[in-house]
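Working notes, beginning with the structure itself.
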Amino acid sequence: MPDGGDRAVAAHERLAELVEGRARCEPRLDAERDAGRVRESLARLARAQERARDHGGGGVGKRGEPFAELERLSSARGGQLAQLVGIAGGRLGVAAEVDQHAGDRSRDPRSKAHVRKSGYNVGVDDRRLGRAAFLGLVGVGVAGLFYGRDATKVVGGVVPSPLKEIVPTSGWRIYSIGRELPRLDPNAFRLTIAGAVERPVTYSLADLRALPQVTQVSDFHCVTGWSVYDVTWKGVRFRQLLAEAGVRPQAKALRFVSAEVPYDDTLTLEQAYAADALLALELDGKPLSVPHGFPARVVMPRMYGYKSVKWVSRIEVEPHLDTVGYWEQRGYDEDAWVGASN
Amino acid sequence: MIRRFGITERALHWVHATGFLAMLATGLVLYLPVLSELVARRNLVKNVHLFSAVAWALALVLVFVLGNRRRLRDDWREIETIDADDRRWLRGRKAPQGRFNAGQKLNALVTAAFAVLFVVSGFFLWLGERDHRFLFDGTGTVHELLTLASVGLLVGHLYLSVIHPSTRHALRGITLGDVREDWAREHHSKWVEKERGL
């Protein structure tokens, strides 16, 4: 039977434990005396409770004289106990229990009278509540840094639908450097391959689609931290793309010039010939969309995305490795291998 | 009139507000494709964003160093304390409130936690670009979610402090420092009682 006296005794017992524990840890402070006071109060409560049980069987609502004594005792201790709880070093929960059976409103730490006398009611658990909210939020946020794959897609799940038009919700983030994304006319589009080649070649989009196509599934990593996994690309390997033009023996690097002026970047010839590098025309089974670089973009999965130039309109075959790409001029790595550190 | 905020508290509020708005404006340009295209010059915007962050953090440190730290500590103690009245208030019931009502306390706690998280995630965004060992999958997402939640918080904050007729008098407190006593009695009775009782 959950009777007020039991609760009071339980709370007192816990308080006594705490205060005595503190007395052992810090004997210099007045904790010894506090512990004595709590023990004394506990004993008196226990006696009162015993009398109450003998008298009325402890039934709720049967409030005999011993019950009144029990209440008086436990409430008279209310203010003092609230103080002691503070002293006891702030274990959670105790103040709330004491609070529950502190019957006399003027001694209730929540009552106005109490507030007038002592300023704010600063029960330890009350302070812990705000601090727990603060620390909990920080903890969740820090843990979020290590949320694994597809973290970018989380945003799409929590954004209210009116915002979905303007907030990026797929795994992709579209970064551009120009005032507007290049919207290239598929009929007028030409890709020129020039520089250290036997004969410069110009391809139309139809020409590019007529070249041998490969399909691959690879991951895409951005240097700003997000990744998109299992992306299906379809396009042309660079060896195939350069075959017609004929790369001269002194050729060292390819410079990809974007229609988004002045964006460009380079790959060494060796990097461009990697088994998973290609000039992509399709993404996930559809022609590239404008934000993804329509009609043709570089895909170099093992390097960060800024190497994968979009809207490629010209490929310059260079006999040297001196050319520095757009973001590399602004501090990024020339060899942007994913996972390697600068 | 009754004094609600000292110069340190007001400086803290407005330093934070200014820094936040500068970072929000540049951050949204970097984040939202519509704005990226409108403004372009990604690199410049990025640099302004980073510069604002450093300036904001330094200004906050200055407020702590030069300001009334005791007062700030007391504020924090009050804000951390969600007492029984606050809990009643948050459940939508009427309960006397201190100098900060429970909503303001929550707003302050969340804002402080967000500030810490913005710094942590922003730092790793910056560092990860330069040293890829510190590139974590969730960093950008945490930064983005914080941005979205902060905008929500800001909208509510602005509504209550500038538009809502019964609460907007609080704006005077955070700009000039003092508020009308009758208003304070109505909204922050525990605080006024304590202040006048001493």
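The values are calculated or read from the model by the stated rules, or taken from the named source; none is laboratory data. Values in this document were obtained by computation on a predicted structure and should not be read as measured data. Ideal geometry is used to build each Cβ from the backbone, glycine not excepted, and the neighbour counts take in all protein chains shown.
Taking the stretch B:71-98 as the search range and keeping residues that are more than 10 Å from chain A (Cβ to nearest Cβ) and outside any helix (DSSP H, G or I), which one is nearest to B:ARG3 (Cα to Cα)?
The qualifying residue nearest to B:ARG3 (Cα to Cα) is B:GLN97.
Those residues that are more than 28 Å from A:ALA133 (Cβ to Cβ) and either away from chain A (no Cβ under 14 Å) or outside any helix (DSSP H, G or I) (or both), I need them from the stretch B:49-70; list them, please.
Step one: of the stretch B:49-70, the residues more than 28 Å from A:ALA133 (Cβ to Cβ) are B:49-51, B:54-55, B:66.
B:PHE51, B:VAL54, B:ALA55, B:LEU66 - these are the residues of the stretch B:49-70 that are more than 28 Å from A:ALA133 (Cβ to Cβ) and either away from chain A (no Cβ under 14 Å) or outside any helix (DSSP H, G or I) (or both).
Restricted to the stretch A:235-256, and to residues that are in contact with a Ser or Thr (Cβ under 9 Å, 6 or more places away or on another chain) and crowded, with 20+ Cβ neighbours inside 10 Å, which residue is farthest from B:ASN43 (Cα to Cα)?
Among them, the one singled out is A:GLY235.
For A:SER227, state whether it is hydroxyl-bearing (Ser, Thr, Tyr) and in contact with a His (Cβ under 8 Å, 6 or more places away or on another chain).
Working: hydroxyl-bearing (Ser, Thr, Tyr): yes; in contact with a His (Cβ under 8 Å, 6 or more places away or on another chain): yes.
So A:SER227 fits the description; yes.
Which of (1) over 19 Å from A:VAL309 (Cβ atoms); (2) more than 14 Å from chain B (Cβ to nearest Cβ) is the odd one out, the single condition A:VAL236 does not satisfy?
(1)
Taking the stretch B:40-56 only, how many residues are touching a residue at least 40 places away in the same chain (Cβ under 8 Å) and either under 23 Å from A:LEU163 (Cα atoms) or surrounded by fewer than 17 Cβ atoms within 10 Å (Cβ to Cβ) (or both)?
Adding up the residues that qualify gives 1.
Would you please name the residue that is nearest to the chain's Cα centre (by Cα), looking only at residues in the stretch A:322-340 that are within 19 Å of A:PRO301 (Cβ to Cβ) and facing another protein chain (nearest Cβ under 7 Å)?
Top of the filtered list is A:GLY339.
Do we find a residue being part of a loop (DSSP other than H, G, I, E, B), surrounded by fewer than 18 Cβ atoms within 10 Å (Cβ to Cβ), facing another protein chain (nearest Cβ under 8 Å) and not hydroxyl-bearing (Ser, Thr, Tyr) anywhere in the stretch A:121-141?
Yes, the stretch A:121-141 contains a residue that is part of a loop (DSSP other than H, G, I, E, B), surrounded by fewer than 18 Cβ atoms within 10 Å (Cβ to Cβ), facing another protein chain (nearest Cβ under 8 Å) and not hydroxyl-bearing (Ser, Thr, Tyr).
Of the residues A:GLN329, A:GLN240, which is free of Cβ contacts under 8 Å to residues at least 60 places away in the same chain, more than 17 Å from A:ALA194 (Cα to Cα) and not acidic (Asp, Glu)? It would help to see each step written out before you state the result.
Details: A:GLN240 fails: more than 17 Å from A:ALA194 (Cα to Cα).
Exactly one residue qualifies, and that residue is A:GLN329.
Could you check the stretch B:17-39 and list, in sequence order, the residues that are without any contact (Cβ under 8 Å) to a residue 24 or more places away in the chain and within 12 Å of chain A (Cβ to nearest Cβ)?
Result: B:VAL29, B:LEU30, B:LEU32, B:PRO33, B:VAL34, B:LEU35, B:SER36, B:GLU37, B:LEU38, B:VAL39.
Given (1) at pLDDT below 95; (2) within 24 Å of B:THR141 (Cβ to Cβ), where does B:GLU80 come up short, assuming only one miss?
Looking at each condition in turn, B:GLU80 falls short on (2).
Limited to the stretch A:292-335, what total is found for residues that are under 22 Å from B:ASN43 (Cα atoms) and surrounded by fewer than 17 Cβ atoms within 10 Å (Cβ to Cβ)?
To start, the set of residues in the stretch A:292-335 that are under 22 Å from B:ASN43 (Cα atoms) comprises A:292-293, A:297-298, A:303-312, A:323-335.
Pick out the ones that are also surrounded by fewer than 17 Cβ atoms within 10 Å (Cβ to Cβ) and you get A:323-324, A:329-331, A:334-335.
Of the residues in that region, 7 qualify.
Residues checked against (1) polar (S, T, N, Q); (2) outside any loop (DSSP other than H, G, I, E, B); (3) touching a helix residue (DSSP H, G or I) at 6+ places or on another chain (Cβ under 9 Å); (4) more than 10 Å from every other protein chain (Cβ to nearest Cβ):
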site: A:VAL155; (1), (2), (3), (4): no, yes, yes, no
site: A:PRO162; (1), (2), (3), (4): no, yes, no, yes
site: A:PRO168; (1), (2), (3), (4): no, no, yes, no
site: A:GLY171; (1), (2), (3), (4): no, no, yes, yes
site: A:TYR175; (1), (2), (3), (4): no, no, yes, no
site: A:GLU180; (1), (2), (3), (4): no, no, yes, no
site: A:LEU184; (1), (2), (3), (4): no, no, yes, yes
site: A:LEU191; (1), (2), (3), (4): no, yes, yes, yes
site: A:ALA194; (1), (2), (3), (4): no, yes, no, yes
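Note down all Cβ pairs under 7 Å where the first residue falls in the stretch A:148-159 and is surrounded by 17 or more Cβ atoms within 10 Å (Cβ to Cβ), the second is basic (Lys, Arg) and modelled with pLDDT of 80 or more, and they're at least six residues apart or on different chains.
A:THR152/A:ARG173
Could you run through the stretch B:9-39 and say how many residues are surrounded by 15 or more Cβ atoms within 10 Å (Cβ to Cβ) and either among the hydrophobic types (A, V, I, L, M, F, W, C) or not in a helix (DSSP H, G or I) (or both)?
14
Looking at the stretch B:30-50, which of the residues that are touching a helix residue (DSSP H, G or I) at 6+ places or on another chain (Cβ under 7 Å) and among the aliphatic types (A, V, I, L, M) is farthest from A:GLY331 (Cα to Cα)?
Filtering first and then ranking leaves B:LEU35.
For the stretch A:201-231, give me each residue that is in a strand (DSSP E or B) and more than 18 Å from A:TRP311 (Cα to Cα).
First, the residues of the stretch A:201-231 that are in a strand (DSSP E or B): A:201-204, A:214-221, A:227-231.
Within the stretch A:201-231, A:VAL214, A:THR215, A:GLN216, A:VAL217, A:SER218, A:ASP219, A:HIS221, A:SER227, A:VAL228, A:TYR229, A:ASP230, A:VAL231 qualify.
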